[in-house]
Amino acid sequence: IGARLAADPRPVLSENPLLPVMWGARPAVLDAFALRVVAQKRPEVAAHFNRRLENREFAAVVLLDWSGAPEAELDAAVTGHGAFGVRSFYGDVHFPPGFLERLRAGYELGFVERPYLIYVPKKGGGS
């Protein structure tokens with residue numbers, strides 16, 4: 001994954017912070033759960049994160065998927081990931097609310113390296 005993203009100097013937002021570390025980079029977020037908790041208490045943290053996502057400041061967004069869903073059904077699997085009794089894992093457990101909507105607005109699924117889903121910025125906008 002790191003080799004495929006190496007040409008872009010922007011940071012990678014990875015749900016697993018060890019991936020950027022293994023590539024010799026600094027993680028954009030160390031703990032996606034803690035980010036959501038802090039963002040709830042400090043709106044400026046949520047606004048900063050959301051702005052970075054909306055501005056496509058990340059070379060890629062790497063999410064974990066353990067569903068085993070076929071590639072054509074991965075979007076539904078990510079959306080429907082309702083672990084821990086919540087409506088949506090992404091936005092209710094990991095990352096601030098509205099995460100998936102912002103991700104979809106600026107990024108698209110670029111490639112899959114199980115168990116990772118790598119979203120890349122959509123063409124025609126952002127940094």
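The values are calculated or read from the model by the stated rules, or taken from the named source; none is laboratory data. Just so we're clear, the structure is a prediction, and the values are computed from it rather than from any experiment. Reconstructed Cβ throughout: ideal geometry from the backbone, glycine too, with neighbour counts over all protein chains shown. The accessibility values were calculated without ligands, DNA or RNA, using every heavy atom of the protein model including side chains. Shrake-Rupley method; radii C 1.70, N 1.55, O 1.52, S 1.80 Å.
The candidate values were (1) 34; (2) 38; (3) 23; the one computed from these coordinates for percent of Cα pairs over 24 Å apart carries the label (3).
Only one residue of ALA76, VAL38, VAL61 has its Cα farthest out toward the positive end of the dipole of the chain, where Lys and Arg carry +1 and Asp and Glu -1 on Cβ, and that residue is VAL38. Here the gap between ALA76 and VAL45, fully extended at 0.36 nm per residue and compared with their Cα-Cα distance, gives a gain of 8.3 nm. Loop-located chymotrypsin sites (Phe, Trp or Tyr not before Pro) in region 33-75 (DSSP state not H, G, I, E or B) with no more than 14 neighbouring Cβ atoms inside 10 Å: TRP66. Averaged over its residues, the chain has an accessible area of 54 Å² per residue, based on protein heavy atoms and a 1.4 Å probe. If you run the Gaussian network model on the chain, springs between alpha carbon atoms under 10 Å, then out of GLY91, GLY106, GLY80 the most flexible one is GLY80. Surface composition of the chain: carbon and sulfur make up 56 percent of the accessible area, probe 1.4 Å.
A crude spin-label estimate for the pair GLU108 and ARG87, with each label 7 Å from Cα along the Cβ direction, gives 2.8 nm. Remark: the Cα gyration tensor places region 56-122 in the oblate category, a/c being 1.5 or greater and a/b not exceeding b/c. Taking VAL12, VAL112, VAL21 in turn, the Gaussian network model of the chain (Cα-Cα springs below 10 Å) assigns the largest fluctuation to VAL21.
Of all DSSP-defined beta bridges confined to region 8-127, some 70% are antiparallel rather than parallel.
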